[in-house]
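A short worksheet on the structure shown next.
The values are calculated or read from the model by the stated rules, or taken from the named source; none is laboratory data. Keep in mind it's a predicted model, so treat the numbers as computed, not measured. Counting neighbours? That spans all protein chains shown, and the Cβs are built from the backbone with ideal geometry, glycine included.
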Amino acid sequence: MPARLLDGRPVAEEILRAVREQIRQISTQHLLTLALLLPDDVGAKAYARAIHKTLAPLGVQVRHVPLDESIDEAGFREIVTRLNQQPEVAGILALQPLPRSLPRWLPALTIAPEKDVDGMTPINAGRLFLGLPAVAPSTPAGGMELLRYYGIAVAGRRAVVVGRSPVVGRPLVSLLLSADATVTVCHRKTTDLAEVTRTAELLFVAAGSPGLIGPEMVRPGAVVVDFGINVVGERLVGDVDPAVAEVASAITPVPGGTGPVTNAVLARNLVTLARLQRS
Ligand code: NAD
């Protein structure tokens, strides 16, 4: 029997309903702004449009702050310091890929933790790692929301995460551990990927490699969450081969799976920060 499709849209709608109500309570006095540090990149611009499409109907102002390819570290710090000080800016997000002139860790060390809408600063990442309440990165937190919405148990189950990036794989490990899963992480240097992925009851893939996970790499009945968003020709494809649906019990589609939930969680994170800033 083909796998159940874990559609992200109703999950996002549920989250956004709650966010809308919270924004109504806050924004009677204040206008909420999310600042997007936007490199000159097609993928980043597409992501910025998707964020705008989610946040604008909530009454959130999305401010695009262009990052020129030639910007240097001092210039970047100046921009972020200014945003850190502006009271109407509730959250700041640096979209990837950063201009090549900037070190990858720079946003994490410049954005103020109280405006860190995607949980990337050492304070927020550290809180998450320690299992303390934290603003978690929206993509992995969205993956957990998908499981919650569809009633998929996590506690005590064997989870495998493919990818160890700071935005998806690593924070997902912390979230899964806090939810009492038994977690294994794979990455580019993992020697026999299939051997590990076949042990997963819950398989999470965030590698940025189209079709990396084939049906022979998946344990029958596994739940598969595909974070991959890859442009192949004119199409968006995930990191999981669609044929996996013949083996898995449940799977997220691409597009329409994890993507919409990511943006809804981003909106929720922004409201969480705004409330903390005003308390
Ligand atoms: P990244 O390049 O920073 O990290 C990729 C990770 O995958 C690395 O840890 C690498 O070791 C691992 N990896 C790569 N190839 C592998 C292989 N063959 N075998 C095992 N491990 C391998 O990427 P990222 O920023 O984490 O993004 C990953 C994917 O998720 C991309 O397709 C990206 O577009 C997508 N993404 C989706 C969302 C969403 O909302 N769904 C958000 C962010 C990123």
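The set of residues from the range 196-219 being outside any loop (DSSP other than H, G, I, E, B) and either within 12 Å of the ligand (Cβ to nearest atom) or at positive phi (or both) comprises V196, T197, F204, V205, I213, M217. If you filter the range 81-108 down to residues that are away from the ligand (no atom under 16 Å from the Cβ) and within 21 Å of the chain's Cα centre (by Cα), you find that the one that is nearest to I26 (Cα to Cα) is A90. Checked against (1) touching a Ser or Thr at 6+ places or on another chain (Cβ under 9 Å); (2) more than 9 Å from the ligand (Cβ to nearest atom), G238 passes all but condition (2). Against the test of being touching a helix residue (DSSP H, G or I) at 6+ places or on another chain (Cβ under 8 Å), among the β-branched types (V, I, T) and either at pLDDT 95 or above or farther than 25 Å from P97 by Cα (or both), the options V196, V185, V205 yield a single qualifying residue, V185.
Meeting the requirement of 3 or more residues that are more than 25 Å from A207 (Cα to Cα) and hydrophobic (A, V, I, L, M, F, W, C), the helices (runs of 4 or more DSSP H) wholly within the range 37-139 are 73-85. Considering the range 166-195, the residues that are within 14 Å of the ligand (Cβ to nearest atom) and part of a helix (DSSP H, G or I) include one that is farthest from the chain's Cα centre (by Cα), namely E195. A18 fulfils the conditions (1) in contact (Cβ under 8 Å) with a residue 60 or more places away in the chain; (2) farther than 16 Å from M120 by Cβ; (3) surrounded by 14 or more Cβ atoms within 10 Å (Cβ to Cβ) except for a single criterion, (3). Quick check: is even one residue across the range 133-145 surrounded by fewer than 23 Cβ atoms within 10 Å (Cβ to Cβ), of a type in the set (D, E, K, R), touching a strand residue (DSSP E or B) at 6+ places or on another chain (Cβ under 9 Å) and modelled with pLDDT of 95 or more? No. All conditions but one from (1) within 16 Å of the ligand (Cβ to nearest atom); (2) within 30 Å of A35 (Cα to Cα) apply to R275; the one that does not is (1). Against the definition (closer than 22 Å to D7 by Cβ and either more than 15 Å from the ligand (Cβ to nearest atom) or in contact with a Leu (Cβ under 8 Å, 6 or more places away or on another chain) (or both)), how does E145 come out, yes or no? In short, no.
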